Amino acid sequence: MALNHADYPAARRYGDHALALATELGDEWSAAYAEMLLGNVASGEEDYATARQLCERAATRFRALGDDTFARLTSANLGYHLQELGELDRARQVLEAVAREAHEAGEDRNEASARGQLGQVAIEQRRFGDAGPLLVESLRIWAGLGDVTMVARDLRRLARVVAETQRPDAAVRVLSASQRLREEAGQREGWIGRVNEGVLDLVRPELDKATFERAWEEGNKLSVREAIKLAQGELGGRGRQVIT
C-alpha cells in the first residue's frame, strides 16, 4: 500500500523488515518477493543502480525456486531499470527473453509489459520501424485485458513513433487520447511526462495553433479502439491486426 501511494520511506521500512524476517525463517520465496518490492522502491526513488541489483538477485532466486512467472515479472522490472541506466542493449536482451518466454507460457501481462518496454527501447535507439509493431502488439494485449492505464502508457509511446512518420496531426490525436485515458485512470505523471514532452517537442513546430487544438480536441473524443486503429493506420498497418 505504501508503495502504491509513493510513500517510499515507509515502503522501504516494510520491505526491509519483510526481507529480514524471511531470511531469518529461511523462506526463500518471500525473501525474493521482498527484494523485488525493494527494487521497485529504489526505482521510485530513481536509484536505478540499486534497483538493478535487487531485481537481479530476486530474479535469480525465483528461477532457483522454479517460479518462472515471478522471475519474468522481476526481469521485466529489471529491463526498465537497465533502460534508465542507459544500458539499452542489455535491456533489449532481457526483455526479448521475457516476451518470448511469457508468450510461450500464455502470460499475457508479462508479455505485454515486455513488448511495451521493448518498444520504448526501440524508440530510444531510434529504431522506429521496430517500435511501432512492438507497441501495437502490446496494445492489442492490454486492450484485450481492459487495462486502461497500460493502454494509455503505450498509446503515448506510440504517439512518439507516429510523430516520427511526419504525421504530427495524427500524433497529436493519439497523444490526446492517451492523456484522456491517463486522467480517467488517475495516473500520476511520473516518467510518462517526459514521453509527453518529447512528442510535443516534435509536433509543435509543425502545426499552427488552430491545427494543434483541433487535432487535440479530435483525439480527446477517440475511443481506445479508434486511437489504436488510427496509430496502426499511420504506421502502414505494421504489427498484428488490433481491431477485428
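Readers should treat all values here as calculations from the given coordinates under stated rules, not as data from a laboratory. Being a predicted model, the structure only gives us computed values, none of them experimental. Virtual Cβ from ideal backbone geometry, glycine too; neighbours counted across all protein chains shown.
Between ASP27 and ARG214, what is 0.36 nm times their sequence separation minus the Cα-Cα distance? Round to one decimal in nm.
Roughly 61.6 nm would be gained on extension.
What FRET efficiency do you get for ARG127 and GLU206 if R0 is 30 Å and r is their Cβ-Cβ distance, rounded to the nearest 0.05? Display every interim value, and only then the final one.
Working: r = 22 Å, r/R0 = 0.74.
My answer for the efficiency is 0.85.
With labels modelled as points extended 7 Å from the Cα through the Cβ direction, what inter-label distance (nm, one decimal) is found for ARG13 paired with ALA64?
3.0 nm
Quickly rank 144-154, 162-172 as a protection proxy: mean count of other C-beta atoms within 10 Å, highest first.
Details: 144-154: 18.7, 162-172: 21.7.
My ranking of the peptides, most packed first, is 162-172, 144-154.
With 10 angstrom as the radius, rank TRP142, TRP216 by how many other C-beta atoms surround their C-beta, starting from the fewest.
The order, fewest Cβ neighbours first, is TRP216, TRP142.
Residue separation times 0.36 nm, minus the C-alpha to C-alpha distance between ARG90 and ASP108: what's the value? Please list the in-between numbers first.
On the way: separation 18, 0.36 × 18 = 6.48 nm, distance 2.27 nm.
Difference between extended and current length: 4.2 nm.
Once every DSSP H run of n ≥ 4 in the chain is given -39500 (n - 2.57) and the sum is divided by its residues, what mean residue ellipticity at 222 nm do you get, rounded to the nearest 500 deg cm²/dmol?
About -26000 deg cm²/dmol.
Within the set of other residues whose C-beta is less than 14 Å from the C-beta of ALA64, count the net charge using Lys and Arg as +1 and Asp and Glu as -1. Present the calculation step by step, with values, prior to reporting the outcome.
On the way: positive: ARG57, ARG61, ARG63; negative: ASP27, GLU28, GLU35, GLU56, ASP67, ASP68.
Net charge around ALA64: -3.
Report, in whole Å, the centroid distance computed from the Cα atoms of the stretch 217-234 and the stretch 13-62.
39 Å
What is the projected area of the convex hull of the Cα atoms of the chain, averaged over all directions, in nm²? Could the numbers behind the result be given before it?
Working: hull surface 52.4 nm².
Quarter of the Cα hull surface area: 13.1 nm².
Going by average Cβ density within 10 Å per residue, which order do the peptides 173-181, 103-111 take, highest to lowest?
173-181, 103-111
Cβ under 10 Å from TRP29's Cβ, TRP29 left aside: what net charge do those residues give with Lys, Arg +1 and Asp, Glu -1?
Combined, the nearby Lys, Arg, Asp and Glu give -2.
Charges on Cβ only, +1 for Lys and Arg, -1 for Asp and Glu, centred on the Cα centroid of the stretch 80-211; of GLY86, LEU134, VAL174, which one is farthest towards the dipole's positive end?
VAL174
Report the far tail of the P(r) of the stretch 1-126, meaning the percent of Cα-Cα pairs longer than 21 Å.
When all Cα pairs of the stretch 1-126 are counted, 39 percent exceed 21 Å.
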